[in-house]
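Everything below concerns the one structure shown next.
The values are calculated or read from the model by the stated rules, or taken from the named source; none is laboratory data. Fair warning: this is a prediction, and the values are worked out from it, not measured in the lab. Neighbour counts are summed over all protein chains in view; Cβ atoms, including those assigned to glycine, are modelled from backbone coordinates with ideal geometry. These area figures cover heavy atoms from the full protein model, side chains too; ligands, DNA and RNA do not enter into them. Shrake-Rupley method; radii C 1.70, N 1.55, O 1.52, S 1.80 Å.
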Amino acid sequence: EVQLVESGGGLVQPGRSLKLSCVASGFTFNNYWMTWIRQAPGKGLEWVASITNTGGSTYYPDSVKGRFTISRDNAKSTLYLQMNSLRSEDTATYYCTRATGRGYFDYWGQGVMVTVSS
Amino acid sequence: DVVMTQTPVSMSVSLGGQVSISCRSSQSLVHNNGNTYLSWYIQKPSQSPQLLIYKVSNRFSGISDRFSGSGSGTDFTLKISRVEPDDLGVYYCGQGTQYPNTFGAGTKLELK
């Protein structure tokens with residue numbers, strides 16, 4: 001059974017940093033791209049970052065480029081999201097997802113809440 | 001960025017009924033490789049989204065054949081037949097043809 005378990009969320013002040021983790025199990029982690037998707041309270045879905053199966057390439061939307069860094073440790077089957085210079089608009093539930101290349105997201109974690117507030 | 005427009009925003013349905021949700025993209029979703037990366041997701045109350053349909057019309061593993069996807073280019077439809085209580089929630093379409101990946105704003109399906 002595919003499982004994705006996120007951790008590392010919480011309350012953080014604007015301008016500070018936070019690092020999310022996602023431990024994967026039930027599939028061969030290093031065969032898959034992985035992606036973070038977020039959902040602000042009461043809002044829709046927003047793609048945040050993607051990483052290829054080897055970690056050799058990463059992709060971001062303009063809203064987080066230069067502030068967020070996606071990475072992975074294939075030996076630990078773990079995905080990360082380093083978030084710097086956090087803003088109030090980054091407040092959201094962050095989902096770790098398994099991606100089939102760039103096209104779609106077939107498994108989602110339970111999500112982890114990040115609140116950016118003073 | 002590709003803008004995904006879903007209609008309606010919300011809809012009410014009777015159990016056993018049929019519904020259609022429309023999703024239109026601001027640009028063609030046909031990729032250079034010939035694939036069309038249009039997918040549908042459901043987010044049930046207090047749950048994470050889950051994949052229903054990928055590449056326009058392919059049902060994900062374990063998804064009932066009551067769900068069907070169709071369309072091409074910029075115009076896509078999700079149909080749900082014989083609606084059951086577990087089908088209620090918010091439906092999102094998403095595109096992965098062009099970066100950044102984008103999603104529609106969602107269609108909330110409620111019981112009449």
Of the residues in the stretch A:30-58, those that are at the interface with chain B (Cβ under 8 Å from one of its Cβ atoms), open to solvent by 60 Å² or more (accessible area, probe 1.4 Å) and farther than 17 Å from A:Leu20 by Cα number 0
Residue pairs qualifying under the 7 Å Cβ cut-off, at least six apart or on distinct chains, with the first in the stretch A:84-96 being among the basic types (Lys, Arg) and the second being open to solvent by less than 60 Å² (accessible area, probe 1.4 Å), are A:Arg87/A:Val116
The residue from B:Ile21, B:Ile42 that alone is aliphatic (A, V, I, L, M), within 12 Å of another protein chain (Cβ to nearest Cβ), over 20 Å from A:Tyr59 (Cβ atoms) and in a strand (DSSP E or B) is B:Ile42
Condition set over 12 Å from the mean Cα position of the chain (by Cα), at pLDDT 95 or above and open to solvent by 10 Å² or more (accessible area, probe 1.4 Å), scope the stretch A:79-105, selection nearest to the other protein chains (Cβ to nearest Cβ): answer is A:Glu89
Of the residues in the stretch B:82-112 that are touching a residue at least 60 places away in the same chain (Cβ under 8 Å), assigned to a loop (DSSP other than H, G, I, E, B) and surrounded by 14 or more Cβ atoms within 10 Å (Cβ to Cβ), the one that is farthest from the other protein chains (Cβ to nearest Cβ) is B:Val83
- Query: Quick one: would you say A:Ser17 is open to solvent by 30 Å² or more (accessible area, probe 1.4 Å) and touching a residue at least 60 places away in the same chain (Cβ under 8 Å)?
  - Reply: yes
